[in-house]
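Have a look at the structure below, then the notes.
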Amino acid sequence: MTLREGGCHCGAVRFEVEGEPREIGYCHCSICRRLSGGPAQVYAEFPASKLRYTKGAPQVYRSSATAQRRFCPTCGSHLEFRNVEEADWVSLELTALDRPADLAPQRHIFHADRLAWFEVDDDLPRSAGYE
(Lines give C-alpha, C1' and ligand atoms only; values in the text may rest on other atoms or scores of the structure.)
Protein backbone atom coordinates (compact mmCIF):
# COMPACT_ATOMS: atom_id res chain seq x y z
CA MET A 1 0.00 0.00 0.00
CA THR A 2 1.37 3.40 -0.99
CA LEU A 3 1.85 5.88 1.85
CA ARG A 4 2.10 9.55 0.93
CA GLU A 5 3.12 12.29 3.33
CA GLY A 6 2.58 16.01 3.24
CA GLY A 7 1.98 19.13 5.22
CA CYS A 8 1.81 22.88 5.37
CA HIS A 9 4.50 25.41 4.51
CA CYS A 10 5.72 26.02 8.08
CA GLY A 11 5.65 22.36 9.18
CA ALA A 12 3.17 22.87 12.02
CA VAL A 13 0.68 20.46 10.39
CA ARG A 14 1.71 17.15 8.84
CA PHE A 15 -0.38 14.30 7.44
CA GLU A 16 -0.17 10.95 5.73
CA VAL A 17 -2.59 9.25 3.38
CA GLU A 18 -2.63 5.63 2.22
CA GLY A 19 -3.44 4.27 -1.19
CA GLU A 20 -4.02 5.70 -4.61
CA PRO A 21 -6.29 8.66 -5.35
CA ARG A 22 -9.60 8.03 -7.10
CA GLU A 23 -9.21 11.30 -8.98
CA ILE A 24 -6.62 13.99 -9.61
CA GLY A 25 -7.54 17.21 -11.29
CA TYR A 26 -7.57 20.94 -11.75
CA CYS A 27 -10.46 22.89 -10.21
CA HIS A 28 -11.18 26.25 -11.82
CA CYS A 29 -14.01 27.39 -9.49
CA SER A 30 -13.72 30.85 -7.95
CA ILE A 31 -13.49 29.50 -4.38
CA CYS A 32 -10.56 27.21 -5.18
CA ARG A 33 -8.83 30.02 -7.07
CA ARG A 34 -9.11 32.39 -4.13
CA LEU A 35 -8.03 29.82 -1.55
CA SER A 36 -5.08 28.57 -3.59
CA GLY A 37 -3.96 32.01 -4.70
CA GLY A 38 -3.64 30.78 -8.27
CA PRO A 39 -5.69 30.56 -11.46
CA ALA A 40 -6.61 26.93 -10.61
CA GLN A 41 -6.19 24.55 -7.71
CA VAL A 42 -4.85 21.01 -8.21
CA TYR A 43 -6.29 18.27 -6.00
CA ALA A 44 -5.97 14.55 -5.37
CA GLU A 45 -9.03 12.81 -3.93
CA PHE A 46 -8.54 10.00 -1.40
CA PRO A 47 -10.79 8.01 0.96
CA ALA A 48 -11.19 10.18 4.08
CA SER A 49 -10.61 7.11 6.25
CA LYS A 50 -7.07 6.82 4.83
CA LEU A 51 -6.02 10.36 5.88
CA ARG A 52 -4.36 10.84 9.24
CA TYR A 53 -2.86 14.00 10.72
CA THR A 54 0.49 13.14 12.32
CA LYS A 55 1.48 16.56 13.64
CA GLY A 56 -0.67 19.50 14.64
CA ALA A 57 -4.30 19.98 13.70
CA PRO A 58 -5.75 21.93 10.81
CA GLN A 59 -8.29 24.70 11.29
CA VAL A 60 -11.70 24.17 9.63
CA TYR A 61 -13.34 26.80 7.43
CA ARG A 62 -16.87 26.36 6.01
CA SER A 63 -16.44 27.84 2.53
CA SER A 64 -20.00 27.15 1.34
CA ALA A 65 -23.17 25.35 2.40
CA THR A 66 -21.70 22.01 1.31
CA ALA A 67 -17.95 22.47 1.64
CA GLN A 68 -15.35 22.53 4.37
CA ARG A 69 -11.72 23.49 3.89
CA ARG A 70 -8.86 22.74 6.25
CA PHE A 71 -5.75 24.86 6.54
CA CYS A 72 -2.77 25.42 8.82
CA PRO A 73 -3.69 27.82 11.63
CA THR A 74 -0.09 29.10 11.73
CA CYS A 75 0.93 29.74 8.10
CA GLY A 76 -2.46 29.54 6.38
CA SER A 77 -1.54 26.82 3.87
CA HIS A 78 -4.66 25.29 2.32
CA LEU A 79 -4.54 21.52 2.90
CA GLU A 80 -7.87 19.94 2.00
CA PHE A 81 -11.44 20.20 0.75
CA ARG A 82 -14.36 18.10 1.98
CA ASN A 83 -17.84 18.00 0.52
CA VAL A 84 -20.11 17.46 3.53
CA GLU A 85 -22.54 15.55 1.30
CA GLU A 86 -19.81 13.08 0.31
CA ALA A 87 -18.02 12.65 3.63
CA ASP A 88 -16.19 9.46 2.63
CA TRP A 89 -13.78 11.42 0.40
CA VAL A 90 -11.24 14.18 0.93
CA SER A 91 -9.50 16.26 -1.73
CA LEU A 92 -5.97 17.09 -0.68
CA GLU A 93 -4.08 19.99 -2.18
CA LEU A 94 -1.73 18.15 -4.53
CA THR A 95 1.05 20.60 -3.76
CA ALA A 96 0.70 19.95 0.00
CA LEU A 97 2.09 16.46 -0.65
CA ASP A 98 5.84 16.10 -0.19
CA ARG A 99 6.11 14.55 -3.65
CA PRO A 100 3.42 16.19 -5.80
CA ALA A 101 5.24 15.27 -9.01
CA ASP A 102 4.38 11.60 -8.37
CA LEU A 103 0.74 12.29 -9.33
CA ALA A 104 -0.54 14.02 -12.46
CA PRO A 105 -3.94 15.63 -13.11
CA GLN A 106 -6.48 13.58 -15.06
CA ARG A 107 -9.23 16.16 -15.67
CA HIS A 108 -10.45 19.75 -15.29
CA ILE A 109 -13.58 20.59 -13.29
CA PHE A 110 -15.55 23.85 -13.28
CA HIS A 111 -13.79 24.64 -16.52
CA ALA A 112 -16.65 26.99 -17.42
CA ASP A 113 -15.52 29.19 -14.50
CA ARG A 114 -11.87 29.37 -15.55
CA LEU A 115 -10.15 32.70 -16.07
CA ALA A 116 -10.22 33.56 -19.76
CA TRP A 117 -6.46 34.22 -19.80
CA PHE A 118 -5.56 30.86 -18.21
CA GLU A 119 -5.64 27.62 -20.18
CA VAL A 120 -3.59 24.51 -19.51
CA ASP A 121 -2.28 23.07 -22.76
CA ASP A 122 -3.33 19.43 -22.38
CA ASP A 123 -5.91 17.07 -23.79
CA LEU A 124 -7.52 16.16 -20.45
CA PRO A 125 -11.31 16.02 -20.21
CA ARG A 126 -13.00 19.27 -19.20
CA SER A 127 -16.37 19.57 -17.49
CA ALA A 128 -18.38 22.74 -16.92
CA GLY A 129 -19.02 21.80 -13.28
CA TYR A 130 -18.36 18.76 -11.15
CA GLU A 131 -19.73 16.05 -13.44
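The values are calculated or read from the model by the stated rules, or taken from the named source; none is laboratory data. Remember, it's a predicted structure, so these values are computed and weren't measured experimentally. Every residue, glycine among them, receives a Cβ derived from its backbone with ideal geometry; neighbour counts consider all protein chains shown. Quick note on the areas: whole protein, heavy atoms, side chains included, nothing else; ligands and nucleic acids left out. Shrake-Rupley method; radii C 1.70, N 1.55, O 1.52, S 1.80 Å.
Odds and ends about this structure:
- In the chain, inverting the average of 1/r over every pair of distinct C-alpha atoms gives 14.9 Å as the Kirkwood radius.
- Helix-only [θ]222 nm of the chain, DSSP H runs n ≥ 4, -39500 (n - 2.57) each, per residue, nearest 500: -1500 deg cm²/dmol
- Computed over the range 30-75, the alpha-carbon pair-distance distribution with 5 angstrom bins reads 5, 16, 21, 31, 20, 7, 0, each value a whole percent.
- For the range 1-76, the per residue solvent-accessible surface stands at 50 Å², with DNA, RNA and ligands left out and a 1.4 Å probe.
- Cα-projected label distance for residue 23 with residue 128, points at 7 Å along beta-carbon direction, nm: 1.7
- Counting all C-alpha pairs of the range 1-40, share separated by more than 14 Å (%): 64
- Counted charge near residue 74, where neighbours are those whose Cβ lies closer than 15 Å (Asp, Glu -1; Lys, Arg +1): +3
- Apportionment of accessible area to carbon and sulfur, the chain, percent (1.4 Å): 50
- A cut-off under 10 angstrom between Cβ atoms defines the neighbours of residue 26, and their net charge, with Lys, Arg +1 and Asp, Glu -1, is +2.
- Tail beyond 17 Å, pair distance distribution of the range 42-106 (Cα, percent): 42
- Each peptide among 1-9, 25-33, 119-127 gets the average number of other Cβ atoms lying within 10 Å of its residues, and from highest to lowest they stand as 25-33, 1-9, 119-127.
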